[in-house]
Amino acid sequence: MVEQIIDVVIIGAGPAGLQAAVHAARKKASVLVLGRVENSSIYQAHVENYLCVAGVTAGAELLRTALAQATLVGAEVWPEDVLSLAQEGEKFIVKGESGRQVTSRTLLIATGTARKKLKVPGEKELLGRGVSYCVDCDANFYRKAKVAVVGNESAAVDGALTLTKYASEVHLVCKGLAVTRELAEKLAASSVVVHTGVWVKEIAGEKAVSGLVLDNGQTLAVDGVFIELGAKGAMELATSVGVLLDTETFSYIETNKKQETNIPGIYAAGDIAGPPWQMAKAVGEGCVAGWEAANYANRLKRASESA
Ligand SMILES: Cc1cc2nc3c(=O)[nH]c(=O)nc-3n(C[C@H](O)[C@H](O)[C@H](O)COP(=O)(O)OP(=O)(O)OC[C@H]3O[C@@H](n4cnc5c(N)ncnc54)[C@H](O)[C@@H]3O)c2cc1C
């Protein structure tokens, strides 16, 4: 059986990702978008500085129109998070939280920014002394330790599963899980102790984290707390395939005017590609990135046909 290779896989279903999908699909490229529209930072907001939108318009409404537009021109959309990326020669392997895997000629990272904060006492004070925002970066420091992960989505569940390979005890604190059935089943089959319907009131500790005070009155004695709110962090995904970040702040993906990263075939657009964090910029970069990624994929196809 011939393996199906998608021309452009777009990670992120916000303004940047959806605009990229429209432009790539109109260039006759096959396009798959992975991501949840409701998790875009504009979804809950109201917009009044975006060209051609009169008055104050709900972000959710703009995104609903954008999603319909992207699918109308032929892009496929899977409302799920990407958990891992890999490169094999000129191809990219993308794994989603449902366990589905796709192969693509190009990757377009449009995951937005933000390490969301819990905003509870102890979080700021104990940062780097037991409080972490990145399981992939810091799991190794917690070998044989007791840890907790806080969050409801794929980043938290994937993070808790990863930590079972390091820590002696892993707790997951969530209000309620918002992940695919497949990921929820993996969690249920693991050793992670899940605390559902609760949230964190305080991170306790003097010089380092000693526990997590929950809003049901319970205290979990832990040595580390991983705050993993939202989807799998874009930075971890990008750096896992060798994409370079800006050298001054290491907080966004460096791109050129074609939205190319340092890795041929990988593009980035929107908030993840740096400030200003505005929809107009995200859409503009999405347009360029989608256009360029489709051209790149089409060039690869022509080259392999004439070889
Ligand atoms: C409160 C607030 C008000 C704002 N008001 C304005 C305004 O008035 N005007 C304006 O221009 N801008 C405004 N902004 C900024 C604007 O929301 C962003 O600049 C814009 O949404 C950036 O688009 P994006 O596509 O880069 O990222 P986002 O819109 O954040 O979309 C990111 C997408 O990536 C997905 N994603 C993340 N991780 C993964 C993963 N691992 N796998 C798959 N998908 C993933 C998310 O689910 C989401 O679909 C506001 C932002 C906020 C927070």
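The values are calculated or read from the model by the stated rules, or taken from the named source; none is laboratory data. The structure displayed is predicted, hence computed values, not measured ones. All Cβ positions, even for glycine, are placed from backbone atoms using ideal geometry, and neighbour counts span all protein chains on display.
When region 219-230 is filtered for residues that are surrounded by fewer than 19 Cβ atoms within 10 Å (Cβ to Cβ) and at pLDDT below 95, only 229 remains.
Residues that are closer than 27 Å to residue 7 by Cα, within 7 Å of the ligand (Cβ to nearest atom), in a loop (DSSP other than H, G, I, E, B) and polar (S, T, N, Q) within region 25-64 comprise 40, 41, listed in sequence order.
Entry remark, region 1-49: residues being at pLDDT below 95 and surrounded by fewer than 17 Cβ atoms within 10 Å (Cβ to Cβ) number 11 in total. Each residue in region 1-24 was checked for being within 20 Å of residue 153 (Cβ to Cβ) and assigned to a loop (DSSP other than H, G, I, E, B), and 3 pass. Filtering region 276-307 to residues that are under 23 Å from residue 254 (Cβ atoms) and outside any helix (DSSP H, G or I) leaves 276, 277, 278.
Looking across region 106-157, not a single residue is of a type in the set (Phe, Trp, Tyr) and under 26 Å from residue 265 (Cβ atoms). Given the criteria farther than 18 Å from residue 239 by Cα, within 13 Å of the ligand (Cβ to nearest atom) and more than 15 Å from the chain's Cα centre (by Cα), does residue 100 qualify? For residue 100, the condition - farther than 18 Å from residue 239 by Cα, within 13 Å of the ligand (Cβ to nearest atom) and more than 15 Å from the chain's Cα centre (by Cα) - is met. The set of residues in region 60-93 being over 23 Å from residue 26 (Cβ atoms), surrounded by 15 or more Cβ atoms within 10 Å (Cβ to Cβ) and free of Cβ contacts under 8 Å to residues at least 60 places away in the same chain consists of 60, 93. Checking each residue in region 23-36 for being aliphatic (A, V, I, L, M) and within 12 Å of the chain's Cα centre (by Cα) picks out only 34.
Candidates in region 236-261 are the residues that are part of a loop (DSSP other than H, G, I, E, B), among the hydroxyl-bearing types (Ser, Thr, Tyr) and touching a strand residue (DSSP E or B) at 6+ places or on another chain (Cβ under 9 Å); of these, the one that is farthest from residue 106 (Cα to Cα) is 251. Screening region 106-149 for residues that are among the basic types (Lys, Arg) and touching a Phe, Trp or Tyr at 6+ places or on another chain (Cβ under 7 Å) and picking the one that is surrounded by the most Cβ atoms within 10 Å (Cβ to Cβ) gives 115. Take residue 282 and decide whether it is assigned by TED's automatic domain parsing to the domain that holds residue 91, crowded, with 21+ Cβ neighbours inside 10 Å and more than 16 Å from the ligand (Cβ to nearest atom). Considered against the rule, which asks whether it is assigned by TED's automatic domain parsing to the domain that holds residue 91, crowded, with 21+ Cβ neighbours inside 10 Å and more than 16 Å from the ligand (Cβ to nearest atom), residue 282 comes out as no. Scanning region 262-275 for residues that are crowded, with 24+ Cβ neighbours inside 10 Å and not in a helix (DSSP H, G or I) yields 266, 267, 268, 269. Go through the residues of region 200-222 one by one and say whether even a single one is among the basic types (Lys, Arg), more than 22 Å from the chain's Cα centre (by Cα) and assigned by TED's automatic domain parsing to the domain that holds residue 32. No; the residues of region 200-222 include none that is among the basic types (Lys, Arg), more than 22 Å from the chain's Cα centre (by Cα) and assigned by TED's automatic domain parsing to the domain that holds residue 32.
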